[in-house]
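Accompanying notes for the structure given below.
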Amino acid sequence: MIDASIPELPDYGEAALEQAFAALEASARTAAANLSGEAQVETFRLEWLGRKQGRLNEISSRWLKGAPPEAKKALGVRFNALKTVVEGLLEQAAGAGPSDAALKAEAIDITLPGTRRLTGAEHPITKTLNEIVSVFAALGYSVGVGPEVETDFYNFESMNFPPGHPARDTQDTLVVANQERRPLRDRLLLRTHTSPVQMRTMEQQPPPVRIVIPGKVHRNDAADATHSPIFHQVEGLCVDTNITFSDLKGTLDHAMKALFGSSVKTRFFPSFFPFTEPSADVQISCIFCGGKGCRKCKQSGWIELLGCGMVDPGVFAFAAQKQPAYDPKKISGFAFGMGVERIAMMKYGISEIGQFYAGDMRFLGQFA
Ligand code: PHE
C-alpha cells in the first residue's frame, strides 16, 4: 500500500512552508537513492506522481485547495519546485540502468570456451535425390511433385493396374482405413510409387513432357537391411513425337555415368511393369569390382538398379481423357523409376538402409 499521508500544515507562513517542503524533498531524495530495478522505480513514481494516491496529488488537494488566496502563490511555487525535483529524481532512477549487483549477476566470463552451434547439412537421401534431379535438369527436364496420400485411381488404375489385377499384389499397399463406402477409384492409400505423378502431370499439360518426380513412397514391407516401408524414388517421364527405346537407353546410360562415373556400363534386361511396354530392368556394371565379379554383385559383374520402359498405350488412353493430345498414334514416350536409398547406398557404400532414418549424428556427420 502506498503511504501518501501528508501531514496537516500548521499555518501558511513562510517558515512553515519552508520546513514542510524541505522535509518532503529530503524524503523523496532518500527514497530515490535506494531504488533498484524497474519495479521499484515504478513504485516510487506511483508514490509521488500517481494521479489518484500520489503525494503531490495529495498535497495539491490538502494544502493548495484550502489555502487562503494570499498564500496560494508561495505554495504554488514550492509545489512546482518539488514536482520538478521528484520528476528529475525519477528520470535519473529510470535511466540509471540495473544496479551493480544485477550487473554482476549477468556478467559473462569471456574466457570460457563458447557453445558450439552445429551447422546443419543435407541428409544423404536429400543430397542423392538432388543429385539425381540435377542430372536430368541438365538434360532439360523439369521437376514435378504429387501427393503422398493418393487415390487408387492414380496409384493403380490409371497406371494400367485394373481393379483386381494380380499386378497390384507386387506392391504391398498401405491403405487408409474406413473407405469401403467410396467407389474403389476414390479410395485413399499411401502411394506405392511415384508413377501416379506421371498421370497427374499429363492431365495438366499436353505433350511434350520431360519431367522428373522425386518423392517419398510407402509399402507394407518388413524392414530389413535393404528394405524400409518408407523410401524415396525419382520417377522420370518423357513424352514427345518419335521417342524411341534408344532415346530411353541413351538417357539412362548417360544418367548412370553422370551418377557413378564415366566408366560405368549399362545393360537392359526384359522385365514387366503394367504401365510400360516393353519394360526393362537396368543393370549397371558393378561399381565395386568393375565388372569382374565380387560378393556385392553376386559374382555376376552387374547390379540391378532401376525399372523403365516405353509408356504403355493404355496409360496414354487415361491421359487422353483429359488431354486428347496423348494419342498413342501420334506420340510416344518412356518412363523410368529409381530408388534413391539404393543409389545412395551404392554411392556411399552403406549396407544398412536403417542408417538413413536412425538420426545417428556419427553416421549423418560423415555427409556434411
Ligand atoms: N514404379 C515402378 C516401381 O516402383 C518403377 C518404374 C517407373 C518402372 C517407371 C518403369 C517405369 O517399381
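Of note:
- The chain: most fluctuating residue of S262, S60, S351 per GNM, C-alpha cutoff 10 Å: S60
- Selected from D11, D172, D240 as most flexible by GNM, with the chain as the system and alpha-carbon contacts under 10 Å: D11
- With K and R counted +1 and D and E -1, the other residues having a Cβ less than 14 Å from that of G146 yield a net charge of -1.
- Label-to-label distance, L112 versus Q19, with points set 7 angstrom from Cα along the beta-carbon direction: 5.8 nm.
- The longest part of the chain holding none of the exposed loop GluC sites (Glu not before Pro), meaning those outside H, G, I, E and B in DSSP with at most 16 other Cβ atoms within 10 Å, is 181-351.
- Here region 14-104 exposes an accessible surface that is 54 percent carbon and sulfur, computed with a 1.4 Å probe and the other protein chains kept in place.
- Spatial offset of region 30-47 relative to region 236-282 amounts to 81 Å, using the alpha carbon center of each.
- Put a plus charge on the Cβ of each Lys and Arg, a minus charge on the Cβ of each Asp and Glu, and nothing anywhere else: the dipole of the chain about its Cα centre is then about 1020 debye.
- Antiparallel %, DSSP beta bridges [both residues in the chain], to 5: 95 percent
- Between V77 and S27, the modelled label-to-label distance comes to 2.4 nm, taking each label 7 Å out from Cα in the direction of the beta carbon.
- Accessible surface, 1.4 Å probe, highest first, among residues M199, M310: M310, M199
- For T173 and A222, the difference between the fully extended length at 0.36 nm per residue and the C-alpha to C-alpha distance is 16.4 nm.
- Here the Karplus relation 6.51 cos²θ - 1.76 cosθ + 1.60, evaluated at θ = phi - 60°, turns the backbone of region 123-140 into coupling constants of 5, x, 5, 4, 4, 5, 4, 5, 5, 4, 4, 6, 4, 7, 4, 5, 8, x Hz, with x for every Gly and Pro.
- Note that the chain presents 56 Å² accessible area per residue, ligands and nucleic acids not counted, probe 1.4 Å.
- In range of the label at D240: residues from region 318-333 whose backbone nitrogen is under 13 Å from the point 7 Å along Cα→Cβ: 332-333
- The chain pair-distance distribution - Cα-Cα, 20 Å bins, rounded %: 22, 31, 9, 16, 18, 5
- No disulfide-compatible partner, judged by a Cβ distance under 4.7 Å, exists for the following cysteines of the chain: C238, C308.
- Trypsin sites (Lys or Arg not before Pro) within region 113-176, DSSP loop, no more than 14 other Cβ atoms inside 10 Å: R116, R117
- q = 0.11 Å⁻¹: log10 I(q)/I(0) that the Debye formula gives for region 14-104, counting C-alpha atoms only: -0.35
- Among P163, L174, A31 the positive-end extreme of the charge dipole of the chain (Cβ point charges): P163
- Ranking A94, F136, L82 by Cα position along the charge dipole of region 81-142, where only Lys, Arg, Asp and Glu carry charges on their C-beta atoms, puts F136 farthest toward the positive end.
- Percentage relative contact order, region 211-305, counting C-alpha pairs under 8 Å, at least six apart: 15 percent
- Computed over protein heavy atoms with a 1.4 Å probe, the carbon and sulfur contribution to the accessible area of region 204-298 reaches 52%.
- Each label was represented as a point 7 Å from its Cα along the Cα-to-Cβ direction; for A101 and S263 these points are 7.6 nm apart.
- All lysines inside 18 Å of K265 as judged from Cα atoms, apart from same-chain residues fewer than 8 positions distant: K249, K257, K292, K296, K298, K347
- Region 178-229: trypsin sites (Lys or Arg not before Pro) falling in loop per DSSP and having at most 15 other Cβ within 10 Å: R181
- Charge dipole of region 229-299 (Cα centre as origin; +1 on each Lys and Arg Cβ, -1 on each Asp and Glu Cβ, all else neutral): 640 debye, rounded to the nearest 20.
- Contact order normalised by residue count of the chain, Cα under 8 Å, 6+ apart, percent: 14 percent
The values are calculated or read from the model by the stated rules, or taken from the named source; none is laboratory data. For clarity, every value in this text was computed on a predicted model and none was experimentally measured. Note that each Cβ is placed from the backbone with ideal geometry, even for glycine, and that neighbours are counted across all protein chains shown. Accessible surface areas use protein heavy atoms only, side chains included; no ligands, DNA or RNA. Shrake-Rupley method; radii C 1.70, N 1.55, O 1.52, S 1.80 Å.
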